[in-house]
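Below is one structure, written out as structure tokens; the observations come after it.
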Amino acid sequence: AVEQVKRNFEILHEGFEITYEHNPHLVLRSLILRNHLEQILIILFDNAVKYSSERKEIKITLTEVANKAVINVIDYGVGIDPTEVDKVFNRFYRVDKARTREVGGNGLGLAIAKQLVVSYRGEITATSEVGIGTTVTISLPLMEEEVIQTARKKNSKKNKTLKRVNKK
Ligand code: ATP
């Protein structure tokens with residue numbers, strides 16, 4: 001999912017340097033739907049581009065910390081004032097400077113990302129420095145392989161039943 005979204009952004013935003021650092025052996029043992037993870041990443045990448053300054057770089061890191069998958073989306077853009085950084089996850093909240101800049105948006109992206117992350121019992125936070133850049137961190141609990149397999153089996157049974165019901 002990360003690679004896919006990264007590639008799409010590279011095509012859309014030529015001139016942005018997007019780097020992705022991860023441990024290739026790390027398996028995302030999470031039940032998060034690929035679509036949902038992609039939606040979250042699109043919101044974060046989109047912000048990193050929208051609120052960028054001269055340094056057109058985005059860095060993504062994926063690590064495993066204390067049985068959680070931790071994804072950082074790091075930019076070197078305009079940054080967010082420390083008094084506002086926690087409010088950006090609220091619906092319709094836009095930082096003043098962003099409002100006066102001619103950057104479109106409704107202040108909904110991060111609220112949607114938060115709702116999705118929380119629905120998977122994850123967490124999303126941001127740290128930022130004005131004029132330096134912003135890091136948005138998502139963490140998602142990782143599960144035992146067995147738990148994943150059992151859940152997948154259950155889901156595929158459910159899907160088969162749904163298909164049968166739909167046919168009728
Ligand atoms: P949209 O609803 O289209 O996503 P938006 O970008 O305004 O619009 P959010 O994604 O929720 O909405 O972001 C809320 C506010 O947080 C933004 O208006 C902006 O001020 C600030 N913000 C978000 N991400 C960043 C970032 N990477 N760097 C600097 N400011 C940011």
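The values are calculated or read from the model by the stated rules, or taken from the named source; none is laboratory data. Every value quoted in this text rests on a predicted model; they were computed, and no experiment measured them. FYI the Cβ positions are ideal-geometry reconstructions off the backbone, even for glycines, and counts take in every protein chain you see.
Things to note:
- Residues in segment 39-91 that are within 15 Å of the chain's Cα centre (by Cα) and either exposed (fewer than 15 other Cβ atoms within 10 Å of the Cβ) or hydroxyl-bearing (Ser, Thr, Tyr) (or both) were compared, and the one that is modelled with the lowest pLDDT is Thr63.
- For segment 44-97, the set of residues classified as in a loop (DSSP other than H, G, I, E, B), closer than 19 Å to Gln115 by Cβ and within 9 Å of the ligand (Cβ to nearest atom) consists of Val85, Asn90, Arg91, Phe92, Tyr93, Arg94, listed by residue number.
- In segment 1-38, of all residues being β-branched (Val, Ile, Thr) and in contact with a helix residue (DSSP H, G or I) (Cβ under 7 Å, 6 or more places away or on another chain), the one that is surrounded by the most Cβ atoms within 10 Å (Cβ to Cβ) corresponds to Val5.
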